[in-house]
Amino acid sequence: QVQLVESGGGLVQPGGSLRLSCAASGFTFRFSNYVMSWYRQAPGKERELVATIYSTDSTDYTDSVKGRFTISRANGQATVYLQMNSLKPEDTAVYYCYANRPVNWGRLEYWGQGTQVTVSS
């Protein structure tokens, strides 16, 4: 059974930092072969792609978090991280971990349950 378990969310003041973790288990293929992403969804808004890290360790970020957020992975621990610095109130959302890997018959996709991040004074 595949599981993605996020942790590290919470309440932080503007300008503060948080590090989210997503621990994966039960994958059919090696963790290093999966593309890992963080999404977020604020109340009343659509889910938004925040950051992606590929099997090559290359990364992509949405413009609003560039220079503030860093995605990384520890393949030996089957874990992906999102370091969030200089947090703003508009970063408030539920953050979700997402894993995907193309296969011959389509794509394997998995979601975590989400972790709440609230940026407020």
Mind checking which residues of the stretch 1-42 are hydroxyl-bearing (Ser, Thr, Tyr) and in a loop (DSSP other than H, G, I, E, B)?
SER17, THR28, TYR34
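When you look at SER86, is it out of contact with any Asp or Glu (no Cβ under 6 Å at 6 or more places or on another chain), farther than 14 Å from GLY114 by Cβ, open to solvent by 50 Å² or more (accessible area, probe 1.4 Å) and assigned to a loop (DSSP other than H, G, I, E, B), yes or no?
So SER86 passes the test.
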Among the residues that make up the stretch 99-121, is at least one of them touching a residue at least 40 places away in the same chain (Cβ under 8 Å) and acidic (Asp, Glu)?
no
Please state which one of ARG107, ARG101 is buried (at least 17 other Cβ atoms within 10 Å of the Cβ), under 17 Å from LEU4 (Cβ atoms) and modelled with pLDDT under 95.
ARG101
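Check THR52, THR62, THR79 and return the single one that is over 19 Å from SER21 (Cβ atoms), of a type in the set (S, T, N, Q), within 13 Å of the chain's Cα centre (by Cα) and modelled with pLDDT of 95 or more.
Details: THR52 fails: over 19 Å from SER21 (Cβ atoms); THR79 fails: over 19 Å from SER21 (Cβ atoms).
Going through THR52, THR62, THR79 in turn, just one is over 19 Å from SER21 (Cβ atoms), of a type in the set (S, T, N, Q), within 13 Å of the chain's Cα centre (by Cα) and modelled with pLDDT of 95 or more: THR62.
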Answer yes or no: is there a residue in the stretch 43-60 that is open to solvent by less than 50 Å² (accessible area, probe 1.4 Å), assigned to a loop (DSSP other than H, G, I, E, B) and either over 12 Å from VAL117 (Cβ atoms) or of a type in the set (Ser, Thr, Tyr) (or both).
no
Residues within the stretch 86-121 that are out of contact with any strand residue (DSSP E or B) (no Cβ under 9 Å at 6 or more places or on another chain) and on the phi < 0 side of the Ramachandran plot, tallied
4
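Condition first: hydroxyl-bearing (Ser, Thr, Tyr) and either in contact (Cβ under 8 Å) with a residue 24 or more places away in the chain or closer than 25 Å to SER121 by Cα (or both). Can you find one or more residues in the stretch 40-61 that meet it?
No, the stretch 40-61 has no match at all.
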Does PHE29 qualify as being farther than 16 Å from GLY8 by Cα, among the aromatic types (Phe, Trp, Tyr) and either open to solvent by less than 20 Å² (accessible area, probe 1.4 Å) or touching a residue at least 40 places away in the same chain (Cβ under 8 Å) (or both)?
yes
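The values are calculated or read from the model by the stated rules, or taken from the named source; none is laboratory data. Worth saying up front: this structure is predicted, and the values here are computed from it rather than measured. Note: ideal-geometry Cβ built from the backbone for every residue, glycine included; neighbour counts use all protein chains shown. Note: areas computed on protein heavy atoms with side chains; ligands, DNA, RNA excluded. Shrake-Rupley method; radii C 1.70, N 1.55, O 1.52, S 1.80 Å.
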